[in-house]
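The values are calculated or read from the model by the stated rules, or taken from the named source; none is laboratory data. Please read these numbers as outputs of a predicted model, since none were measured by experiment. Neighbour counts are summed over all protein chains in view; Cβ atoms, including those assigned to glycine, are modelled from backbone coordinates with ideal geometry. Heads up: the accessible areas ignore ligands, DNA and RNA and are worked out on the full protein's heavy atoms, side chains in. Shrake-Rupley method; radii C 1.70, N 1.55, O 1.52, S 1.80 Å.
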Amino acid sequence: MNDSAGDAPQCPAPATNKPPGVWLPVGLMAIYWSYQLACRALGLDMMVLWLSRVAVAAVVYLTFLGWWLFSRRVRRGDRWFALATVTVAGALVAGLSVNPTSALLGLPFVFAAWTIWLIAARWASPRAWRIGFASFIALTWAPFALLRVEGLTGDQREQVYWRWQPTAEQRFFAEHQAASDHAATVSPADKQPLAALPGDWTGFRGPRRDGVVHGVEIETDWKTHPPRQRWRRRVGPGWSSVCVVGGRLFTQEQRGERETVVCYDAETGDEIWAHDDPTRFDEGVSGSGPRATPTFADGRLYTAGATGRINCLDAASGQVVWSRDLVAETGAGLPAFGFWGLSNSPLVIDGLVLVYQWAEGHEQIRAFDAETGEPVWQFEAGKNNYSSPQLATLAGERQIIVVGERGLTAIEPASGKLLWSGAEAHKATMAMVQPHPISDSELIVPTDAGLVRLAVDRHDDVWTVESRWPAPSRALRPAYNDFVVNNDTIYGFDEGVFGCLDLATGKRRWKRGRYGHGQVLLLADQSLLLVMSETGAVVLLAADSKACRELGRFQAIEGKTWNHPVVAHGRLYVRNAEEMACFELAPPK
């Protein structure tokens, strides 16, 4: 018998007889987790930190999947079974989750579980391997359907809650009495026209948008004379600060599907009136609600909502004087990568109200007639601008300073024409901090490269802009945390740690206060710094350029706090996305 089988070519043994190696996936997981745990200690800028975390995760995941799909030592059936299992289970968790971010939170743990299973079940039979893998991945994914992610902290840590825990907005609605009931009780006296008085706080960061309080002195011994709480109440989510005028307090909140401008009694915290717009803004990093602070001028309140709704309201009654929907007017939507919505507070000057219009393809500073709301002029300002227009007088001329994607620009208020431009444009980062005039010819400006000190001058209608420091200062890198200037020192946050710079040189003097990504006020009459920490604590510091001297602190409110604090008439007003409170600051003994 001819044994032809012996002459037939022999097929090579399948590569899948030997289990796949684990060094590559183990190394990838080590790289991923090492970077995620250590990246915050690298001192990176906020946007660079976020982008680097996303980039490292993407490279690790794609490399892992590429190795898995093309490794000859992985059984062909296992390749697609594992990929399908992870994808289907992830889709189910995303569908069952309160928000998609909860499912994304589980992704690195799933890849880690995948790697662990490769090690633990290297020699398992195909059937046992698949059953075990599916069970292990399902158990890893499942808990994330029970979680709810409500954004990130300033150092990009997820805020995670059980899905059955009520949200701050739900707790607010449980305690809130309908605004219409309050509005019906407004007395005729309450509807008398309002006028700003000395000591009032008329808009974002104060009348000059510099975070400086004048005409107020307080007791600095908070152990003996601590700030006394006058009232506390829950509020709807939002990152607006407050303005205080004529015994009224104005802010913006998200109330369900309504974006709401609210007027409270500054003495009691009781709601006086509320104006609703049928719109809602949600964003996965910072949460829901409006961002901009109302501006008071000539008896009226000017507000900018997160989706581009601009209102002019009678400050006493809340009645609408005029209103515009800037996004609807352009026929364009908010930018696809709008991140944090319209965050710029209106500026009122010379009968005009200036707002930033951020609709796709229509990124402009626009001026409207403050009385009628009719357009007057517009200025192309560039994308990704979260810094508000700033009034300054430089080289003897009043001008509007705008910092953003196109660098630093100065606009003539009456016409909207460009006066001059300078400083580095915001390309790698986003403009979120106010430019800070320090004299009639100089200002401090945040840029991609760091803080710069610029001198502005004019000769025969020719403007010049020169740097006063040898190089931009990286010693103070405010992300979205504004700074203050006292005498020869700049005080502010360097990516979550409080510190100060020498105004003359831009060099660091000290960096110590670990208050998170908070905000700061300067009580100029006493050279005091009032710091609002990211966790809701209020810290009193001496404005001392030689050392960080903490004079007192207390826990004012609970929850993530990015809103700017306000001091008016000796009272401290603080709020965040959950609650708002007023404290009496004792006068000095």
- Message: Quick test of your reading of the structure: residue 466 fulfils all but one of (1) over 30 Å from residue 153 (Cα atoms); (2) in contact with a helix residue (DSSP H, G or I) (Cβ under 7 Å, 6 or more places away or on another chain). Name the failing condition by number.
- Response: (2)
- Would you mention how many residues in the stretch 96-111 are within 18 Å of residue 26 (Cα to Cα), touching a helix residue (DSSP H, G or I) at 6+ places or on another chain (Cβ under 6 Å) and open to solvent by 30 Å² or more (accessible area, probe 1.4 Å)? 1
- For the stretch 363-399, enumerate the residues that are of a type in the set (Val, Ile, Thr), open to solvent by 20 Å² or more (accessible area, probe 1.4 Å) and either in contact with a Leu (Cβ under 7 Å, 6 or more places away or on another chain) or in contact (Cβ under 8 Å) with a residue 60 or more places away in the chain (or both). 376
- Task: Among what's in the stretch 511-554 and is touching a Gly at 6+ places or on another chain (Cβ under 6 Å) and over 22 Å from residue 432 (Cα atoms), pick the residue that is most open to solvent (accessible area, probe 1.4 Å).
- Result: 548
- Query: Can you name the condition, by its number, that residue 377 falls short on among (1) assigned to a strand (DSSP E or B); (2) among the aromatic types (Phe, Trp, Tyr); (3) farther than 25 Å from residue 463 by Cα?
  - Reply: (3)
- Is there a residue being among the hydroxyl-bearing types (Ser, Thr, Tyr), over 25 Å from residue 300 (Cα atoms) and within 29 Å of the chain's Cα centre (by Cα) anywhere in the stretch 366-387? no
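Going through the stretch 529-584 one residue at a time, which ones are of a type in the set (Ser, Thr, Tyr) and more than 20 Å from residue 203 (Cα to Cα)?
Passing the criteria: 533, 535, 545.
Of 177, 165, which residue is modelled with pLDDT under 90, within 34 Å of the chain's Cα centre (by Cα) and among the polar types (S, T, N, Q)?
Exactly one of 177, 165 is modelled with pLDDT under 90, within 34 Å of the chain's Cα centre (by Cα) and among the polar types (S, T, N, Q), namely 177.
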- Message: Condition first: assigned to a loop (DSSP other than H, G, I, E, B) and touching a strand residue (DSSP E or B) at 6+ places or on another chain (Cβ under 6 Å). Now tell me which residues in the stretch 460-485 satisfy that.
- Response: 468, 469, 472, 474, 475, 476, 477, 478, 481, 483
- Looking at residue 122, is it open to solvent by 20 Å² or more (accessible area, probe 1.4 Å) and in a loop (DSSP other than H, G, I, E, B)? yes
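Within the stretch 260-267, is there a residue that is at negative phi, open to solvent by 20 Å² or more (accessible area, probe 1.4 Å) and part of a loop (DSSP other than H, G, I, E, B)? It would help to see each step written out before you state the result.
In the first step, residues of the stretch 260-267 are kept if they are at negative phi; the result is 260-267.
Those left that are additionally open to solvent by 20 Å² or more (accessible area, probe 1.4 Å): 265, 267.
Filter once more, keeping what is part of a loop (DSSP other than H, G, I, E, B): 267.
Taking every residue of the stretch 260-267 in turn, at least one turns out to be at negative phi, open to solvent by 20 Å² or more (accessible area, probe 1.4 Å) and part of a loop (DSSP other than H, G, I, E, B).
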- Query: Of all the residues that make up the stretch 345-362, how many are open to solvent by less than 30 Å² (accessible area, probe 1.4 Å) and more than 23 Å from residue 479 (Cα to Cα)?
  - Reply: 5
- Message: Can you tell me which condition residue 62 does not meet? The list is (1) in a helix (DSSP H, G or I); (2) surrounded by 15 or more Cβ atoms within 10 Å (Cβ to Cβ), and all the others hold.
- Response: (2)
- Query: Hey, any hits in the stretch 216-226 for a residue that's modelled with pLDDT of 95 or more, outside any helix (DSSP H, G or I) and closer than 20 Å to residue 294 by Cβ?
  - Reply: no
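Has the stretch 473-492 got at least one residue that is of a type in the set (Gly, Ala, Ser), within 15 Å of residue 403 (Cα to Cα) and under 17 Å from the mean Cα position of the chain (by Cα)?
Just the residues of the stretch 473-492 that are of a type in the set (Gly, Ala, Ser), to begin with: 473, 475, 479, 492.
Filter once more, keeping what is within 15 Å of residue 403 (Cα to Cα): 479.
Filter once more, keeping what is under 17 Å from the mean Cα position of the chain (by Cα): 479.
Looking for residues that are of a type in the set (Gly, Ala, Ser), within 15 Å of residue 403 (Cα to Cα) and under 17 Å from the mean Cα position of the chain (by Cα), one finds at least one in the stretch 473-492, hence yes.
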- Checking 60, 86, 56 in turn, the sole residue that is touching a helix residue (DSSP H, G or I) at 6+ places or on another chain (Cβ under 8 Å) and closer than 30 Å to residue 481 by Cα turns out to be 56
- Task: Tell me which residues, restricted to the stretch 555-589, are surrounded by fewer than 16 Cβ atoms within 10 Å (Cβ to Cβ) and basic (Lys, Arg).
- Result: 589
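Being touching an Asp or Glu at 6+ places or on another chain (Cβ under 9 Å), open to solvent by 10 Å² or more (accessible area, probe 1.4 Å) and among the hydrophobic types (A, V, I, L, M, F, W, C) is the filter here, so list the residues in the stretch 125-138 that pass it. So that I can check it myself, show each step before the final result.
As a first pass, look at the stretch 125-138 and keep what is touching an Asp or Glu at 6+ places or on another chain (Cβ under 9 Å): 126, 129-130, 133.
Those left that are additionally open to solvent by 10 Å² or more (accessible area, probe 1.4 Å): 126, 129-130.
Of everything in the stretch 125-138, just one residue is touching an Asp or Glu at 6+ places or on another chain (Cβ under 9 Å), open to solvent by 10 Å² or more (accessible area, probe 1.4 Å) and among the hydrophobic types (A, V, I, L, M, F, W, C), namely 129.
Looking only at the stretch 345-362, count how many residues are of a type outside the set (A, V, I, L, M, F, W, C) and in contact with a Leu (Cβ under 9 Å, 6 or more places away or on another chain).
5
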- Message: What's the number of the only condition in (1) open to solvent by less than 20 Å² (accessible area, probe 1.4 Å); (2) modelled with pLDDT of 85 or more; (3) of a type outside the set (A, V, I, L, M) that residue 463 fails to meet?
- Response: (1)
- Please go through the stretch 400-414 and pick out each residue that is open to solvent by 10 Å² or more (accessible area, probe 1.4 Å) and assigned to a strand (DSSP E or B). 409
- Tally, over the stretch 139-152, of residues that are open to solvent by 40 Å² or more (accessible area, probe 1.4 Å) and closer than 19 Å to residue 288 by Cβ: 1
- Message: For the list (1) farther than 22 Å from residue 435 by Cα; (2) aromatic (Phe, Trp, Tyr); (3) modelled with pLDDT of 95 or more, I need the number of the one condition that residue 302 fails.
- Response: (1)
- Query: If we keep just the residues of the stretch 121-136 that are in contact (Cβ under 8 Å) with a residue 40 or more places away in the chain and in contact with a Gly (Cβ under 9 Å, 6 or more places away or on another chain), which is farthest from residue 109 (Cα to Cα)?
  - Reply: 126
- Message: Against the condition within 21 Å of the chain's Cα centre (by Cα) and either at pLDDT below 80 or not hydrophobic (A, V, I, L, M, F, W, C) (or both), how does residue 359 come out, does it pass?
- Response: yes
- Which condition does residue 150 not pass, out of (1) assigned to a helix (DSSP H, G or I); (2) modelled with pLDDT under 90; (3) touching a helix residue (DSSP H, G or I) at 6+ places or on another chain (Cβ under 9 Å), if it passes all the others? (1)
- Item | Options 457, 440: the member that is in a strand (DSSP E or B), charged (D, E, K, R) and open to solvent by 10 Å² or more (accessible area, probe 1.4 Å) | 457
